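*Asks:* This structure is in structure tokens; I'll ask about it shortly.
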Amino acid sequence: MIYDYLIVGCGVAGLNAARYIPADKKVLLVCKKSPWQCNTFFAQGGIATAIDESDINSHIDDTLQAGVFQNDIDIVRTMSSHSRQTIDELIDDGMEFDKNPDGSLAYTKEAAHSKSRVLHANGDATGRQLHLFLLKQCRHEIIDNSIVVDILSQDGICYGVELLCDNHIKRVFAHNTILASGGVGSIYQYHTNSTTISGDIQGICVEKGITLADMHLMQFHPTVYVEQTTAQKQLLTEALRGEGAKIVDEDGYAFLRDYHSSAELAPRDIVSRAIFDYIKKTESKIYLDLSNFTKKQFKRRFPNIYHNFVDMGYDLPSDKVPISPAFHYSMGGIKVDKYGLVSDCKNLFAIGEVARTGVHGANRLASNSLLEGLVFSKLVVLQSMKNQFHIDIEKFTNPQKDYILQKPQDKKLKEKLRATMWKHVGIIRNTEDLKETLDKLQQISNLDIGRLLYLRLLVAISIVQEAVANTSSIGAHFIQKKEKR
Ligand code: SIN
């Protein structure tokens, strides 16, 4: 059977694309583990939107300022000018955002926004609520526990993907294939991402010669609790700082004002770098001080953070939480146009974090990612329905391959990859170490390793290659001279 649409990934972008595809189309969504093991589920802060027509220019300006004007302005305009309508359509379909006592929508502020324009749901569980809502709306088939091991492409046409499902390799054919598989979090030692997010699809793209762009632009969230044994670390949303929380040292000193006039509300790259630099200079531990909130306010506004930290032995908001920056979001990804079309391919699309539309520039503005996923998934589906592209399966002649996904030494090498990426391809980089890292990663990729680690290495190598090639600092890519020891 040939599907009309095959969607890889069940986060905001994949599920929202499915929402716009009519029920009579043959649609299949696939996800690596369960549908909720995606980054959307863990998004706390919210969804940014231009509040109304008059806010579009200001939202665009904030997005460009945070992105250090490296954004594609046309794409930013597209996102911002579609934002209100896209959110209204969600609300009309039944998505509930938090409201003020008078019944109006409650907007919060996050770093680098010039006003409060971030919607949230169930306090700090915006992603979870949105995911649940989209999942309930989904009228199409979802297959879980399916790992994409290859993209079936030939002569600029995508025929679908090859999946590992129930221990069998299976080919799924589709007229339109939409990649919505998320970013690269698991290649870093410290990250906030779902553990399913490991850049495999980007790795397949490298292998296939599909262009990735801006891979050196990796975003580090400033406030993450990393003192857990789990691979995924606990995020402390920007909205906490937007509503008054402070970043302090061991003596309670709020040092960010020494780095930027907007202090806690400076763009994410600046705050992360300031913390990193301050730790290096002072060796102080760094904390998020939440003492501006009363317990009652905090529990009501941030219930999930409250309960997660109770489980870890903290009493919030009176206890300060030790924090560190950690990997959070990939601005780089598969190069696409504004209709999500992958360059040099007629019917392969990428949306959400896996895609590089150019909307985020060198540093994503807080809470623009759920919005990006919502807006571009809709545009991709509407445009692809106009195109009416059909594959001719007779023309796909590539033989099926066999893959060994994991080999015995992979686990150790994977840990090495994650530690190396954190140490040398993190918040502050130097060209010498980047070059050495590139050599090391290339050597590991030539060892006898399983396919999944190989794909992770390909994506890591593409990040380091772009980091080496971009010798000037911009946004999240910060290059410094190597210090003499
Ligand atoms: C947060 O809640 O701080 C994360 C929001 C985002 O990544 O945009």
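*Asks:* Considering only the stretch 443-483, state which residues are over 19 Å from Q189 (Cα atoms) and not in a loop (DSSP other than H, G, I, E, B).
*Replies:* Q443, R451, Q465, E466, V468, A469, I474, I479
*Asks:* Another question, if that's okay. If a residue must be touching a residue at least 12 places away in the same chain (Cβ under 8 Å) and either out of contact with any Ser or Thr (no Cβ under 7 Å at 6 or more places or on another chain) or of a type in the set (K, R) (or both), how many such residues does the stretch 306-317 contain?
*Replies:* Total meeting the criteria: 4.
*Asks:* Looking only at the stretch 107-128, which residues are in a helix (DSSP H, G or I) and crowded, with 19+ Cβ neighbours inside 10 Å?
*Replies:* Within the stretch 107-128, T126, G127 meet the criteria.
*Asks:* Same structure, new question: With the requirement that a residue be assigned to a helix (DSSP H, G or I) and under 13 Å from the mean Cα position of the chain (by Cα), what does the stretch 203-230 give you?
*Replies:* Across the stretch 203-230, there are no qualifying residues.
*Asks:* How about the stretch 141-192: which of its residues are within 25 Å of K416 (Cβ to Cβ), over 16 Å from the mean Cα position of the chain (by Cα) and crowded, with 22+ Cβ neighbours inside 10 Å?
*Replies:* Answer for the stretch 141-192, where residues must be within 25 Å of K416 (Cβ to Cβ), over 16 Å from the mean Cα position of the chain (by Cα) and crowded, with 22+ Cβ neighbours inside 10 Å: just V148.
*Asks:* If you don't mind, another one. I'd like the full set of residues that are in contact with a helix residue (DSSP H, G or I) (Cβ under 6 Å, 6 or more places away or on another chain) and assigned to a loop (DSSP other than H, G, I, E, B), limited to the stretch 1-30.
*Replies:* G11, I21
*Asks:* Given the criteria surrounded by fewer than 17 Cβ atoms within 10 Å (Cβ to Cβ) and not hydrophobic (A, V, I, L, M, F, W, C), does S83 qualify?
*Replies:* no
*Asks:* Can you tell me which residues in the stretch 219-269 are of a type in the set (A, V, I, L, M), within 15 Å of the ligand (Cβ to nearest atom) and over 20 Å from E283 (Cβ atoms)?
*Replies:* Those that are of a type in the set (A, V, I, L, M), within 15 Å of the ligand (Cβ to nearest atom) and over 20 Å from E283 (Cβ atoms): L235, L236, A239, L240, A245, L265, A266.
*Asks:* Quick one: which residue in K440, K481 is surrounded by fewer than 13 Cβ atoms within 10 Å (Cβ to Cβ) and of a type outside the set (V, I, T)?
*Replies:* K481
Since every read-out is calculated from the coordinates, none of them should be taken as a lab result. Bear in mind the structure is a predicted one, so any value in this text is a computation, not a measurement. Glycine also receives a Cβ, built like all others from the backbone with ideal geometry; neighbour counts cover every protein chain displayed.
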